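Read the structure below first, then the notes.
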Amino acid sequence: MDDANGLLSPSASTKRGRDPIFAMLSKCQAAAAAGADVVNGTIGALLEDDGTLAINATYVDAIKASTSLDVAAYSPLSGLSEFNDLLVELALGPERTGLLQSLSAKAMATPGGGGALRLTAANLVEQGGVVLMRERHWGPYLGFLGEAGLQRRTWPLLGPNGADVDLEGFTAALRTTVGEQHQVLVWLNDPAHNPTGLSMQPDSRADVLDAMVHSALEHPEVGHSLMIDAAYTLYAEEPHGWATTLAEAMDAGMMWPENLMLFWAVSLSKSHTAYGARCGGLVALHPEEEALSRVYEAFAVTGRGTWSGPPRAPQSAAVGVHQDPELAATWGERLEVLSELLVRRRAALVAACDTHGVPLNPTHDGFFAWLEHSRASDVVDFCAARHVYLVALDGGVRIGLCAMPEASMNRVAEVMAEALEVLA
Ligand SMILES: Cc1ncc(COP(=O)(O)O)c(C=O)c1O
């Protein structure tokens with residue numbers, strides 16, 4: 001029944017689908033319940049080796065200790081001002097002071113990084129247009145686009161010889177879009193890309209920024225927005241790499257076109273292990289305060305009309321943790337421990353894939369690794385039949401390092417190698 005007896009509007013009746021990640025997770029859980037020795041690489045949350053959710057207790061405890069007022073009262077619609085200040089800090093890190101000498105920053109709290117994506121989709125491109133992103137991306141991006149009446153235009157994830165950027169692909173996509181739209185919006189999930197774990201290196205970041213600046217200068221009539229989706233950034237080797245790239249470009253005399261705005265979608269879901277708290281925000285930089293205020297006025301209207309206001313207690317708790325040097329240090333130490341867990345798991349997987357001849361994609365940071373494959377579903381089904389549960393996405397297999405113990409990596413690589421041989 002396509003329209004539920006006419007209840008669904010025509011546009012809503014095209015909304016379909018069961019999330020492939022949850023479908024495979026259910027299969028894995030059923031097998032585990034039936035006594036199978038499973039490896040569960042389907043989950044997108046960081047788990048301890050024993051399969052329990054990894055928690056950064058400093059932040060979670062701070063939420064639990066929230067005052068009645070923080071639980072009960074509304075947050076200002078754009079967030080608590082101290083939290084907005086923290087968002088800028090989380091996005092820019094040590095580069096903040098330098099960058100804010102010549103630029104202004106603005107931030108708005110949203111229910112997670114997803115809310116930040118929504119704000120940009122709803123306001124920075126005309127309906128019917130496209131948002132630029134790499135070919136491999138977090139699946140729900142399509143949902144955010146669909147809800148905003150947008151489509152995607154992609155460029156390849158990797159450049160020639162496995163380079164971490166396809167600059168030609170990017171500039172071509174940019175050029176085409178600039179010729180078609182009055183606004184161009186780019187979503188770049190970097191570093192620690194979901195679903196591959198790829199992190200762009202400094203030269204590649206500089207090239208992408210340079211391409212955006214040049215395009216904006218050449219097309220002053222077209223608004224240019226580059227949004228760094230920083231959902232996993234605090235688990236990366238260079239958590240504030242984009243701010244550093246920008247600072248270096250500014251030091252080298254970069255001319256900031258007034259029709260260019262840079263954004264960071266900040267999420268506390270992973271960095272603070274608070275997936276369900278729905279806490280994050282959108283940070284922007286631009287030389288003119290007025291331009292920022294006008295854009296954020298529009299964002300505030302979208303927020304009001306979509307989720308009303310952001311939850312207040314998680315904002316207050318984050319401010320409390322980060323303003324207290326001891327709590328901030330404890331949170332940071334735990335983040336370090338969790339990052340090292342991921343480093344060890346990734347190193348074990350990469351080594352095992354090397355041993356078994358599995359051509360894993362370049363992978364550096366964050367929660368995932370990736371095997372590019374045109375028959376991803378067949379690979380995943382083969383692995384699942386051997387109780388190694390992975391996720392088939394467009395163009396490849398997502399391997400959830402975040403959910404699998406280091407000791408299981410050899411088995412995962414072995415089973416993938418078998419699958420590749422059988423399907424060759
Ligand atoms: C690439 C990417 N961006 C953004 C998000 C948004 O996360 P949240 O809305 O929980 O902050 C996620 C969550 O999985 C993600 O993987």
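The values are calculated or read from the model by the stated rules, or taken from the named source; none is laboratory data. Owing to the predicted nature of the structure, the values given are computational and were not obtained by experimental measurement. Here Cβ is always computed from backbone atoms with ideal geometry, including for glycine, and neighbour counts include all displayed protein chains. Protein only, heavy atoms only, side chains kept; ligands, DNA and RNA dropped before computing areas. Shrake-Rupley method; radii C 1.70, N 1.55, O 1.52, S 1.80 Å.
Yes/no per residue for (1) among the hydrophobic types (A, V, I, L, M, F, W, C); (2) under 21 Å from the mean Cα position of the chain (by Cα):
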{"residue": "ALA31", "(1), (2)": "yes, no"}
{"residue": "ASP37", "(1), (2)": "no, no"}
{"residue": "LEU47", "(1), (2)": "yes, yes"}
{"residue": "LEU53", "(1), (2)": "yes, yes"}
{"residue": "ALA57", "(1), (2)": "yes, no"}
{"residue": "SER68", "(1), (2)": "no, no"}
{"residue": "GLN101", "(1), (2)": "no, no"}
{"residue": "THR110", "(1), (2)": "no, yes"}
{"residue": "GLN127", "(1), (2)": "no, no"}
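Kindly indicate whether any position in the stretch 248-257 is of a type in the set (A, V, I, L, M) and either under 20 Å from GLY366 (Cβ atoms) or in contact with a strand residue (DSSP E or B) (Cβ under 8 Å, 6 or more places away or on another chain) (or both).
Scanning the stretch 248-257, I find no residue that is of a type in the set (A, V, I, L, M) and either under 20 Å from GLY366 (Cβ atoms) or in contact with a strand residue (DSSP E or B) (Cβ under 8 Å, 6 or more places away or on another chain) (or both), so the answer is no.
Among the acidic types (Asp, Glu), more than 16 Å from the ligand (Cβ to nearest atom) and at negative phi: is that true of GLU82 in this structure?
So GLU82 fits the description; yes.
So PHE299 ticks every box in (1) touching a Gly at 6+ places or on another chain (Cβ under 9 Å); (2) buried (at least 16 other Cβ atoms within 10 Å of the Cβ) but one. Which box is left unticked?
PHE299 satisfies every listed condition except (1).
In this structure, does ASP61 turn out to be away from the ligand (no atom under 16 Å from the Cβ), at pLDDT 95 or above, surrounded by fewer than 17 Cβ atoms within 10 Å (Cβ to Cβ) and of a type in the set (Asp, Glu)?
Criteria met by ASP61.
Consider ALA109 against the criteria (1) assigned to a strand (DSSP E or B); (2) among the small types (Gly, Ala, Ser); (3) more than 16 Å from the ligand (Cβ to nearest atom); (4) touching a Pro at 6+ places or on another chain (Cβ under 9 Å): it satisfies all of them except one. Which criterion is unmet?
The single condition ALA109 does not satisfy is (3).
Restricting to the stretch 134-151, count the residues that are out of contact with any helix residue (DSSP H, G or I) (no Cβ under 6 Å at 6 or more places or on another chain), within 16 Å of the ligand (Cβ to nearest atom) and not in a helix (DSSP H, G or I).
Residues in the stretch 134-151 being out of contact with any helix residue (DSSP H, G or I) (no Cβ under 6 Å at 6 or more places or on another chain), within 16 Å of the ligand (Cβ to nearest atom) and not in a helix (DSSP H, G or I): 7 in total.
Only residues that are under 11 Å from VAL283 (Cβ atoms) and either surrounded by fewer than 19 Cβ atoms within 10 Å (Cβ to Cβ) or away from the ligand (no atom under 14 Å from the Cβ) (or both): list them for the stretch 86-98, please.
Answer for the stretch 86-98, where residues must be under 11 Å from VAL283 (Cβ atoms) and either surrounded by fewer than 19 Cβ atoms within 10 Å (Cβ to Cβ) or away from the ligand (no atom under 14 Å from the Cβ) (or both): LEU86, VAL88, GLU89, LEU92, ARG96.
What number of residues in the stretch 6-64 are hydrophobic (A, V, I, L, M, F, W, C) and touching a residue at least 60 places away in the same chain (Cβ under 8 Å)? Outline the logic, then answer.
Residues of the stretch 6-64 that are hydrophobic (A, V, I, L, M, F, W, C), as a first pass: 7-8, 12, 21-25, 28, 30-34, 36, 38-39, 43, 45-47, 53-55, 57, 60, 62-63.
From what's left, touching a residue at least 60 places away in the same chain (Cβ under 8 Å): 21, 24-25, 28, 31, 36, 38-39, 43, 45-47, 53-55, 57, 60, 62-63.
Of the residues in the stretch 6-64, 19 are hydrophobic (A, V, I, L, M, F, W, C) and touching a residue at least 60 places away in the same chain (Cβ under 8 Å).
Between a residue in the stretch 394-423 that is touching a residue at least 24 places away in the same chain (Cβ under 8 Å) and any residue that is of a type in the set (S, T, N, Q) and open to solvent by 10 Å² or more (accessible area, probe 1.4 Å), which pairs come within a Cβ distance under 8 Å, given they are 6 or more apart or on different chains?
Listed pairs, sorted by first residue: GLY395/SER374; GLY396/ASN361; GLY400/ASN40; ALA403/ASN40; MET404/ASN40; ASN410/THR355; ALA413/THR355.
Taking the stated definitions as given, is ALA23 outside any strand (DSSP E or B) and touching a His at 6+ places or on another chain (Cβ under 8 Å)? Working first, answer last.
Values: outside any strand (DSSP E or B): yes; touching a His at 6+ places or on another chain (Cβ under 8 Å): no.
In short, no.
Please list, ordered by first then second residue, the pairs with beta carbon atoms under 6 Å, 6 or more apart or interchain, first in the stretch 275-300 and farther than 14 Å from LEU260 by Cα and not assigned by TED's automatic domain parsing to the domain that holds GLU82, second open to solvent by 30 Å² or more (accessible area, probe 1.4 Å) and within 16 Å of the ligand (Cβ to nearest atom).
Note: no pairs meet the criteria.
Answer yes or no: is there a residue in the stretch 153-163 that is away from the ligand (no atom under 16 Å from the Cβ), among the aliphatic types (A, V, I, L, M), part of a loop (DSSP other than H, G, I, E, B) and surrounded by 20 or more Cβ atoms within 10 Å (Cβ to Cβ).
No: the stretch 153-163 contains no residue that is away from the ligand (no atom under 16 Å from the Cβ), among the aliphatic types (A, V, I, L, M), part of a loop (DSSP other than H, G, I, E, B) and surrounded by 20 or more Cβ atoms within 10 Å (Cβ to Cβ).
Would you mind finding the one in ALA243, ALA230, ALA236 that is within 16 Å of the ligand (Cβ to nearest atom) and touching a strand residue (DSSP E or B) at 6+ places or on another chain (Cβ under 9 Å)?
ALA230 is the lone residue from the list that is within 16 Å of the ligand (Cβ to nearest atom) and touching a strand residue (DSSP E or B) at 6+ places or on another chain (Cβ under 9 Å).
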